[in-house]
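See below for the structure under consideration.
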Amino acid sequence: MSQKEKHAVFDTLRQNTSPKLNSKWIKASMLGTIWASSEIVLGSFLHNLKIPFSGNILTAIGLVILISASYKWREKGIYWRAGIICAMLKTLSPSAVIFGPMVAILSEAALLEISVQIFGHTIPAFMLGSMLAMSWNLFQKLFNYIIFYGSNIVEVYTRIMQYAEQQLQLEFDAVWTPIIILLCIYSLLGAAAALIGIYVGRSITKSVDNSQLVKFHAGNEQKVKESSGFHYSILWLAIDAMLMLATLLLAGRANFLLWTLLVLTTAAIWAFRYKRALKQLMKPRLWVFFVIITMLTTFVFTRLQPNPTSLTHAVLIGVEMNLRAIIVIMGFAVIGTELYHPKIRSYLAQSYFKQLPPAMELSLEILPALISNMPDVKTILRNPGAVVRQLFAYADQRLDELAINSKQKGMVYILSGKVGSGKTQAVKNLAISLQENNIPVTGIYSSRIMENGETKGYSVVNISTGNRTKFLHQDGSPEQEKIGRFYIFNEGLCAGVKALKPNGFSVTIVDEVGRLELDGKGWYHSLLALLNKPNSILLLTVRDDFVPEVVENFNLSPKFISIKQAKNYEQLTQRLIKDIKEHEKLEV
């Protein structure tokens, strides 16, 4: 997607024709997208390798992300909003399962939200909410088994555990013991996730070197294309719901052969119309469970019941439980597909969730960048804290971008020219001339570091104080970041950021805006802050080659100054003074 297309998307979000995203939904969109990107990337990896407790690992990472965010964004209701965004984005995962992960994500976010709402942003609240959220995985699994297989699965489990209790001569209730043990394990995992989230959250609030931390680039972003070729239908949504409800209500009540025929016909219809439903039938795991459940059911109802049933009847009970599970799994998949109907989404746009569609637009805009730039799985698992900090640095970058309105708040001048054309000398002279006319001037310009007639680097000069600090140099250490042949020195970067900090009224000069800023580094964040200031007056020097990208990247409507005009700085000074006075009148 081109830069113009990106800005068109952001402008659309800000127009009155669609709901304007408030700050809470913007942050929730960022948070939910970060969470979803970890679910999509790690989820596919963990499930493909069949790693035990993969769901708990994903939940733990999600909780770390949510709790970490609490140390940056303390708005009420941000968790459940992020949960909705993450749940919606989770449908983009290669997995065909929709409702299970969506319900889990929404429940985890809601439980953490409730805990924080009651007890505040405190360690006990984070611990309790995290333990409840992690424990939800266990209860959801139990609920799923009951929903999928009906009440017979409870009978099968109870009888097997009672049989194990008798055979092993246990002196405690074997029915509840495994559940209690698992609940304790899940709670401990939740507590551990909360502690990691608290640690990472506190580290996020500390000052970091964004130039070293942010590794995401806007150029990698592109809008996720929605699936095409499928014709959504409200009628089919109603039919699917009725078919699912009818088969579940008739289970165990209607003639078994007729009911089985209804199940198979329904499954065939769904498999023909919906790819998601067909994928469910193609999973080997489904048929492995089919055999295991049937065998266990046969064993329980023929051997462990007080009044054993016949082998045929026991097998039919097992088959009925499995067919019921197939209908539930496929039914959730097909209903979830139809819920993407444009009319349903349009209704949401007019409801209490009217912020959701534009929030999803924003999430879909940044999701590809997060996924494509996500570190490898080993790095994530080895150092999740550093990864989370990097993700939030990127979120800050995007929040800064969205803070710039489609209409420029202040005045921006761009002085462009070729390398060595005299741009820096021109702004130095202009700064002196403005100050002589009682116009405050702040900002920075670059000063060459010369050795034996050769340019070895550049210092950054604070216009207000005249202090010079080394910023770029040919000589440096391997751990330093580079641009071209120069190493970047952190002390120069910090000095420049300090000099560009928005204060009272002044003309702010930023010399040599270029590749670093286009990559989200250098003076990038300072420029965004200055551009968002209503009465800002900026003078940027930009090489000719970078002018189009700078204008598009920062969404500028600048007044251009040629190098020839700049060299006549006395005349240019009078022009700027006139513009400044007109600008002040408009501000009043």
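The values are calculated or read from the model by the stated rules, or taken from the named source; none is laboratory data. Bear in mind that the values here come from a model prediction, so they are computed numbers and not experimental data. Note: ideal-geometry Cβ built from the backbone for every residue, glycine included; neighbour counts use all protein chains shown.
Looking at (1) modelled with pLDDT under 80; (2) part of a loop (DSSP other than H, G, I, E, B), which one does Tyr71 not meet, given that it meets all the others?
In the conditions (1) modelled with pLDDT under 80; (2) part of a loop (DSSP other than H, G, I, E, B), Tyr71 misses (1) alone.
Look at Leu493 and say whether it is modelled with pLDDT of 85 or more, surrounded by fewer than 23 Cβ atoms within 10 Å (Cβ to Cβ), of a type in the set (A, V, I, L, M) and touching a strand residue (DSSP E or B) at 6+ places or on another chain (Cβ under 7 Å). Give the derivation first.
Numbers: modelled with pLDDT of 85 or more: yes; surrounded by fewer than 23 Cβ atoms within 10 Å (Cβ to Cβ): no; of a type in the set (A, V, I, L, M): yes; touching a strand residue (DSSP E or B) at 6+ places or on another chain (Cβ under 7 Å): yes.
No; evaluated as a whole, the condition is false for this residue.
Hey, among the residues in the range 225-281 that are β-branched (Val, Ile, Thr) and exposed (fewer than 14 other Cβ atoms within 10 Å of the Cβ), which one's modelled with the lowest pLDDT?
Among those that are β-branched (Val, Ile, Thr) and exposed (fewer than 14 other Cβ atoms within 10 Å of the Cβ), it is Ile234.
Can you tell me which residues in the range 448-465 are buried (at least 18 other Cβ atoms within 10 Å of the Cβ) and without any contact (Cβ under 8 Å) to a residue 24 or more places away in the chain?
The answer is Val461, and nothing else.
Just to be sure before I move on: is Asn535 modelled with pLDDT under 80 and crowded, with 17+ Cβ neighbours inside 10 Å in the structure I sent?
Numbers: modelled with pLDDT under 80: yes; crowded, with 17+ Cβ neighbours inside 10 Å: no.
The answer is no for Asn535.
For the range 306-313, indicate whether the set of residues that are under 14 Å from Val156 (Cβ atoms), at pLDDT 75 or above and surrounded by fewer than 21 Cβ atoms within 10 Å (Cβ to Cβ) is non-empty.
no
If you take the residues of the range 171-216 that are basic (Lys, Arg) and outside any helix (DSSP H, G or I), which of them is modelled with the lowest pLDDT?
Only one residue tops the list, namely Lys215.
Tally the residues that are part of a strand (DSSP E or B) and exposed (fewer than 15 other Cβ atoms within 10 Å of the Cβ), restricting the search to the range 543-571.
The first filter runs over the range 543-571 and keeps only residues part of a strand (DSSP E or B), leaving 543, 559-561.
Next, from what is left, pick out any that are exposed (fewer than 15 other Cβ atoms within 10 Å of the Cβ): 559-560.
Residues that pass the stated criteria total 2.
Give the number of residues within the range 466-483 that are in a loop (DSSP other than H, G, I, E, B) and either free of Cβ contacts under 8 Å to residues at least 12 places away in the same chain or not assigned by TED's automatic domain parsing to the domain that holds Lys521 (or both).
Residues of the range 466-483 in a loop (DSSP other than H, G, I, E, B): 466-467, 474-481.
Still in the list and also either free of Cβ contacts under 8 Å to residues at least 12 places away in the same chain or not assigned by TED's automatic domain parsing to the domain that holds Lys521 (or both): 466, 477-480.
The qualifying residues number 5.
Take the residues in the range 496-510 that are in contact (Cβ under 8 Å) with a residue 40 or more places away in the chain and among the hydrophobic types (A, V, I, L, M, F, W, C), then tell me which one is surrounded by the fewest Cβ atoms within 10 Å (Cβ to Cβ).
Of everything passing the filter in the range 496-510, Phe505 is surrounded by the fewest Cβ atoms within 10 Å (Cβ to Cβ).
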